[in-house]
1. Can you list residues from other chains, or at least 5 along the same chain, whose modelled amide H is less than 5 Å from the amide H of LEU19?
2. Can you give me the distance in nm between label points at GLU47 and ARG76, each placed 7 Å from the Cα along the Cα-to-Cβ direction?
3. Expected output is a single nm value to one decimal: the length gained when fully extending between ARG26 and ARG69, i.e. 0.36 nm times separation in residues minus the C-alpha distance. What is it?
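Derivation of every value follows stated rules applied to the coordinates shown; laboratory data play no part. Remember, predicted model here, so these are calculated numbers, not experimental data. We place every Cβ from the backbone using ideal geometry, glycine too, and count neighbours over all the protein chains shown.
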Amino acid sequence: MGTIMSDNKQDHGAEITFLPPPNTERWVKSRKLAVIKAIDSGILSDEQACQRYSLTPEELDSWKKALNRHGPGALRTTHLNRYRRAETPKQPHQ
């Protein structure tokens, strides 16, 4: 993983956080969690994360929602798909 520095005043000095490299293509749970933690701590904004990792805002938002609703295990790709299906309202058959 790469590093990024922040000199945000809230951090009480420079804080180093380990983040996945910008060319990441395989998004495992730990990488998603690292990006979300960087956003939560103010090191990255949502916009910066989307730009750095070529993510859509909807994709990033789905990671955050899964984490908030179901915990870190929900960030596994197989779990994200399961939780998305469970949260999608069922359409009545016509």
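1. GLY2, THR3, ILE4
2. Result: 3.6 nm between the two label points.
3. Numbers: separation 43, 0.36 × 43 = 15.48 nm, distance 2.29 nm.
Taking 0.36 nm per residue and subtracting the Cα distance, the gain is 13.2 nm.
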